[in-house]
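Everything on this sheet refers to the single structure shown next.
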Amino acid sequence: MSEIEYQTVVIAGDSYQPDEIVVDPGTEIVWQNDDEESHTVHSDTELFNSGEIEPGYTWSYVFKEKGMFNYHCDYHSSMAGRVVVE
């Protein structure tokens with residue numbers, strides 16, 4: 001059994017860092033909230049929705065299929081990101 005690869009996206013300064021990440025299928029993305037306020041990671045297509053991620057907490061999702069997945073923060077309309085699975 002192989003280990004799941006993972007990548008981290010940091011949430012800080014009302015932004016996702018990096019705001020676009022390219023990964024292989026089966027990769028787990030961990031969103032880490034290093035900001036001083038709560039945020040969400042919500043797919044534009046409703047594929048995933050983290051719910052509220054409080055400061056200091058994380059949320060993760062495993063991307064199994066190839067594609068381009070745009071997401072945003074429900075609380076801050078200027079926050080957007082993208083996961084590209086190749």
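The values are calculated or read from the model by the stated rules, or taken from the named source; none is laboratory data. From a predicted model like this one, the values you see are computed outputs, not experimental measurements. Please note: Cβ atoms are built from the backbone with ideal geometry, for glycine as well, and neighbour counts cover all protein chains shown.
Only one entry of GLU86, GLU20 meets the criterion of being more than 14 Å from the chain's Cα centre (by Cα) and modelled with pLDDT of 95 or more, and that entry is GLU86. Exactly one condition in (1) in contact with a Leu (Cβ under 9 Å, 6 or more places away or on another chain); (2) under 12 Å from ALA12 (Cα atoms) is not met by PHE69; state its number. Checking PHE69 against (1) in contact with a Leu (Cβ under 9 Å, 6 or more places away or on another chain); (2) under 12 Å from ALA12 (Cα atoms), the one that fails is (2).
Residues checked against (1) in a strand (DSSP E or B); (2) aromatic (Phe, Trp, Tyr); (3) under 9 Å from the mean Cα position of the chain (by Cα); (4) surrounded by fewer than 18 Cβ atoms within 10 Å (Cβ to Cβ):
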site	(1), (2), (3), (4)
GLU3	no, no, no, yes
THR8	yes, no, yes, yes
TYR16	yes, yes, yes, no
PRO25	no, no, no, yes
GLU28	yes, no, no, yes
GLN32	yes, no, yes, yes
GLU37	no, no, no, yes
THR45	no, no, no, yes
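Determine whether VAL23 is of a type in the set (Val, Ile, Thr), farther than 20 Å from SER78 by Cβ and in contact with a Ser or Thr (Cβ under 6 Å, 6 or more places away or on another chain). No; evaluated as a whole, the condition is false for this residue.
Residue-wise test of (1) among the aromatic types (Phe, Trp, Tyr); (2) in contact (Cβ under 8 Å) with a residue 24 or more places away in the chain; (3) farther than 15 Å from GLU5 by Cα.
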| position | (1), (2), (3) |
| --- | --- |
| ASP19 | no, yes, yes |
| PRO25 | no, yes, no |
| GLU28 | no, yes, no |
| ASP35 | no, yes, yes |
| THR45 | no, yes, yes |
| SER50 | no, no, yes |
| PHE69 | yes, yes, yes |
| HIS76 | no, yes, yes |
| ALA80 | no, yes, yes |
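The condition (being on the phi < 0 side of the Ramachandran plot, among the polar types (S, T, N, Q) and modelled with pLDDT under 95) is satisfied by just one residue among SER2, SER78: SER2. Considered as a group, the residues in the range 47-86 that are assigned to a loop (DSSP other than H, G, I, E, B) and hydroxyl-bearing (Ser, Thr, Tyr) include one that is surrounded by the most Cβ atoms within 10 Å (Cβ to Cβ), and that residue is SER50.
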